[in-house]
Amino acid sequence: MTFTRKNLSYRVTLDTEQNVFIIFDEQDERRFATGTTIEKAVAKLEQNG
């Protein structure tokens with residue numbers, strides 16, 4: 001599923017073994033971030049923008 005926030009389109013996956021969300025930048029899937037919540041992972045991805 002793809003979401004858009006502040007000019008950032010991203011895809012969300014859940015790693016059930018580690019219980020973390022993984023957010024991939026839709027424009028460049030080499031850019032990604034992880035977090036215990038979707039919001040934290042998105043914030044990390046935006047921070048590393």
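The values are calculated or read from the model by the stated rules, or taken from the named source; none is laboratory data. Remember, it's a predicted structure, so these values are computed and weren't measured experimentally. So basically every Cβ, Gly included, is an ideal-geometry build from the backbone, and we count neighbours across all protein chains shown. Surface areas here come from the heavy atoms of the whole protein model, side chains and all, with no ligands, DNA or RNA. Shrake-Rupley method; radii C 1.70, N 1.55, O 1.52, S 1.80 Å.
Which number in (1) in a loop (DSSP other than H, G, I, E, B); (2) open to solvent by 60 Å² or more (accessible area, probe 1.4 Å) marks the one condition that D28 misses?
So the condition that D28 fails would be (2).
Only residues that are open to solvent by 100 Å² or more (accessible area, probe 1.4 Å) and basic (K, R): list them for the stretch 3-21, please.
Passing the criteria: only K6.
Please identify the pairs in which a residue from the stretch 4-22 that is of a type in the set (S, T, N, Q) has its Cβ atom under 6 Å from the Cβ atom of a residue that is open to solvent by 60 Å² or more (accessible area, probe 1.4 Å) and not in a strand (DSSP E or B), counting only partners at least 6 apart or on another chain.
Taking only residues 6 or more apart or on different chains, the pairs are S9/E26.
Which ones in the stretch 31-49 are at pLDDT below 95 and out of contact with any strand residue (DSSP E or B) (no Cβ under 6 Å at 6 or more places or on another chain)?
E39, A43, E46, Q47, N48, G49 - these are the residues of the stretch 31-49 that are at pLDDT below 95 and out of contact with any strand residue (DSSP E or B) (no Cβ under 6 Å at 6 or more places or on another chain).
Which condition number does Q47 fail, the rest of (1) without any contact (Cβ under 8 Å) to a residue 24 or more places away in the chain; (2) open to solvent by less than 70 Å² (accessible area, probe 1.4 Å) being met?
Result: Q47 fails condition (2) only.
Quick one: in the stretch 1-22, of everything that is over 10 Å from the mean Cα position of the chain (by Cα) and either assigned to a loop (DSSP other than H, G, I, E, B) or of a type in the set (F, W, Y) (or both), which residue is modelled with the lowest pLDDT?
Among those that are over 10 Å from the mean Cα position of the chain (by Cα) and either assigned to a loop (DSSP other than H, G, I, E, B) or of a type in the set (F, W, Y) (or both), it is M1.
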